[in-house]
2 protein chains.
Amino acid sequence: MFDIQHYLAGKRKRVEDALDTLMLSAGGDFADHVAAMRYSLFIGGKRVRPILCLAAGACISPDPALEESLLPVACALECIHTYSLIHDDLPAMDDDDLRRGHPTNHKKFGEAEAILAGDGLLTFAFDLLSDPRFTGLADSARLQITHTIARAAGSLGMVGGQALDMDGEGREMSFKELKTIHSSKTGALITASVLSGAIGAGGTPAQLDALQTYGDTIGLAFQIVDDLLDVTSTTEELGKTAGSDAEHDKATYPAFFGVEKTRKMAEQASQAAIEVLSSFPDSADPLRALSRYIVERTK
Amino acid sequence: MFDIQHYLAGKRKRVEDALDTLMLSAGGDFADHVAAMRYSLFIGGKRVRPILCLAAGACISPDPALEESLLPVACALECIHTYSLIHDDLPAMDDDDLRRGHPTNHKKFGEAEAILAGDGLLTFAFDLLSDPRFTGLADSARLQITHTIARAAGSLGMVGGQALDMDGEGREMSFKELKTIHSSKTGALITASVLSGAIGAGGTPAQLDALQTYGDTIGLAFQIVDDLLDVTSTTEELGKTAGSDAEHDKATYPAFFGVEKTRKMAEQASQAAIEVLSSFPDSADPLRALSRYIVERTK
């Protein structure tokens, strides 16, 4: 039986060590700004997106050097995720005071610095993706990864989804609209995390297709679970304000289907993602376990 | 005599047509968000950065197909510049109501959407730089351009400079600090605009070195002139709030040296930039004229 907790702890350490090494260091003219970026980057987090990138790479290629080559990509994904949390928490957006059990970036550093810390992290992601020091991946693969991530993080993906989310607050929303928001705001970057690892590993078009479906499906599970946790957890358990969706009148899975049916839908999505991998060998076990892990969070 | 006005009008049209074609189109789920991005992108602007990119490319290589290949890069530079203006104008930053003679993005679309329009434009720049449809530049050149731009736009460049600028408001600042802010906030992206064109054209290390110095020097001229215009122009002439530096207690060249000396310093920088190009052939005439044009703005 694959030990997911052991696997996650190992990969999380690997990612966090790389983030610490690769991220700008806090000194010189820009010390305060760099400190604000580092604060949100190192305040915690499950590192799901970078780990999905590494796991997808290892699923395709057994080359032991691949993980090292993928680490800058994995770190770029975490920088983008972290920037999105900083901007989402801003007073003009969700206006949250708490994130991962700590004050949000703007509570700690002020609003101007929080906007800039987000801008800096987003830009730094693309700095990492194109940094000439990292020669482990072919140029063509690096460009393809960069485009996959930029597309998923941008206006037709994560940023666009957040705009729809803001726009939808406090009004009736159809289930179709909810699905569009979820898949763009959260799903797109999760799928891009999986794909970027697979592209770096030289995956065939058929493998990339399957992993895209896997990514979309665990992305869906992830979103459903996030909605569920907002209802069923305490603020202390979440590390961010619980019940915030209801407070902002946001459409959610539990609001549409109730808690029990929603829980079942999350489990179905997790199972569907595992079935997508049926033709993959044992090297896909981490991806299978990650799909289970995402839903286990609800229990 | 090189006709700079004719040159600028032609290139501006070329860049704006390309921006209109390449930028996401305003329809579908994300129509409102895309409209907010397009608003700031097409509200005006001299398009100095994209034109510098094209001019630097043409200075190195006579290949007529090069300009077409550089257009996505030129557009990416304008997307990054536009995002930086949107975020700089936010209430938490400079809190400006007017930009290019029109309401700022947050005045028109609200603060949340303005933050997201900026995030979307920044991300879209990297989407353009890595878009597989554009095959005119070698992969290695595209990665080098991407890294040059990301470094200049990020935490050690434009974003870091804006953080320093915010941090310095309302307190005494040394001339050294002012220079650091100017060169990071404004100079870095101007130099990157020049370099990205030169890299795309296959410039030699010696050519890139010279053009880096040219970029740094016109960047300096540009900053000095910006400081000067804030003092000597009306709001109507500027299209943004005049006298805003003094109102925010910002350190500026005129505050340190007075208007006359500052004007002279701008002219010296412009002249120095032209001297850097002395070993370049006639193909550098647009760059020479651009250096003059930047200072002419003060008159």
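The values are calculated or read from the model by the stated rules, or taken from the named source; none is laboratory data. Predicted, not measured: the structure shown is a model, and the values here were computed from it. Virtual Cβ from ideal backbone geometry, glycine too; neighbours counted across all protein chains shown.
Residues in segment B:210-264 that are among the β-branched types (Val, Ile, Thr) and part of a loop (DSSP other than H, G, I, E, B): B:Thr234, B:Thr241, B:Thr252. Looking at segment B:101-152 only, could you name the residues that are more than 7 Å from chain A (Cβ to nearest Cβ) and β-branched (Val, Ile, Thr)? Within segment B:101-152, B:Thr104, B:Thr135, B:Ile145, B:Thr148, B:Ile149 qualify. Remark: B:Gly101 matches the filter, which requires a residue to be among the small types (Gly, Ala, Ser), modelled with pLDDT under 95, surrounded by fewer than 20 Cβ atoms within 10 Å (Cβ to Cβ) and more than 18 Å from B:Leu19 (Cα to Cα).
Can you work out which of the residues in segment B:82-93 that are crowded, with 24+ Cβ neighbours inside 10 Å and not aromatic (Phe, Trp, Tyr) is farthest from the other protein chains (Cβ to nearest Cβ)? Don't jump to the end; show me each part of the working.
First pass over segment B:82-93, keeping only residues crowded, with 24+ Cβ neighbours inside 10 Å: B:82-83, B:86-87, B:89.
Those still in the list that are not aromatic (Phe, Trp, Tyr) too: B:82, B:86-87, B:89.
Details: B:Thr82: 13, B:Ile86: 11, B:His87: 6, B:Asp89: 11 Å.
Here the answer is B:Thr82.
Please go through segment A:124-144 and pick out each residue that is under 23 Å from the mean Cα position of the chain (by Cα) and either farther than 23 Å from B:Arg133 by Cβ or of a type in the set (Lys, Arg) (or both).
To start, the set of residues in segment A:124-144 that are under 23 Å from the mean Cα position of the chain (by Cα) comprises A:124-131, A:134, A:137, A:141-144.
A:Phe124, A:Asp127, A:Leu128, A:Asp131, A:Phe134, A:Arg142, listed by residue number.
Against the test of being within 26 Å of B:Leu71 (Cα to Cα), in contact (Cβ under 8 Å) with a residue 40 or more places away in the chain and of a type outside the set (A, V, I, L, M), the options B:Asp209, B:Asp226, B:Asp131 yield a single qualifying residue, B:Asp131. Is it true that some residue in segment B:33-42 is in a loop (DSSP other than H, G, I, E, B), within 18 Å of the chain's Cα centre (by Cα), at pLDDT 95 or above and not small (Gly, Ala, Ser)? The answer is yes; a qualifying residue exists.
Taking segment B:23-63 as the range and being loosely packed, with under 15 Cβ neighbours inside 10 Å and in contact (Cβ under 8 Å) with a residue 24 or more places away in the chain as the test, the residues that pass are B:Phe42, B:Gly44, B:Lys46, B:Pro62, B:Asp63. Within segment B:161-181, being away from every other protein chain (no Cβ under 12 Å) and either crowded, with 24+ Cβ neighbours inside 10 Å or basic (Lys, Arg) (or both) holds for one residue alone: B:Arg171.
Is it the case, given these coordinates, that B:Val259 is surrounded by fewer than 18 Cβ atoms within 10 Å (Cβ to Cβ) and of a type in the set (A, V, I, L, M, F, W, C)? Against the criterion (surrounded by fewer than 18 Cβ atoms within 10 Å (Cβ to Cβ) and of a type in the set (A, V, I, L, M, F, W, C)), B:Val259 qualifies. If the condition is being in contact with a Leu (Cβ under 7 Å, 6 or more places away or on another chain) and in a helix (DSSP H, G or I), then segment B:265-279 contributes B:Ala266, B:Ala269.
Which one is surrounded by the fewest Cβ atoms within 10 Å (Cβ to Cβ) among residues in segment A:217-256 that are closer than 16 Å to A:Lys176 by Cα and among the charged types (D, E, K, R)? Filtering segment A:217-256 for residues that are closer than 16 Å to A:Lys176 by Cα and among the charged types (D, E, K, R), the one surrounded by the fewest Cβ atoms within 10 Å (Cβ to Cβ) comes out as A:Lys250. Checking each residue in segment B:153-200 for being under 15 Å from B:Leu85 (Cα atoms) and among the charged types (D, E, K, R) picks out B:Asp165, B:Lys185. State all residues of segment B:52-70 that are in a helix (DSSP H, G or I) and aliphatic (A, V, I, L, M); if no residue qualifies, say none. Result: B:Leu52, B:Leu54, B:Ala55, B:Ala56, B:Ala58, B:Ile60, B:Leu66, B:Leu70. Note on segment B:78-106: residues that are among the β-branched types (Val, Ile, Thr), in contact with a strand residue (DSSP E or B) (Cβ under 9 Å, 6 or more places away or on another chain) and assigned to a helix (DSSP H, G or I) amount to 1.
Here is the figure for segment A:213-246: residues that are under 14 Å from the mean Cα position of the chain (by Cα) and among the small types (Gly, Ala, Ser) total 3.
Kindly evaluate B:Lys185 against the criterion of being surrounded by fewer than 19 Cβ atoms within 10 Å (Cβ to Cβ) and either aromatic (Phe, Trp, Tyr) or more than 8 Å from chain A (Cβ to nearest Cβ) (or both). Before you say what the answer is, go through the steps one by one.
Values: surrounded by fewer than 19 Cβ atoms within 10 Å (Cβ to Cβ): no; either aromatic (Phe, Trp, Tyr) or more than 8 Å from chain A (Cβ to nearest Cβ) (or both): yes.
Spelling it out, it is not the case that B:Lys185 is surrounded by fewer than 19 Cβ atoms within 10 Å (Cβ to Cβ) and either aromatic (Phe, Trp, Tyr) or more than 8 Å from chain A (Cβ to nearest Cβ) (or both).
In the set (1) within 14 Å of another protein chain (Cβ to nearest Cβ); (2) in a helix (DSSP H, G or I); (3) surrounded by fewer than 23 Cβ atoms within 10 Å (Cβ to Cβ), the condition left unmet by A:Val73 is number (3).
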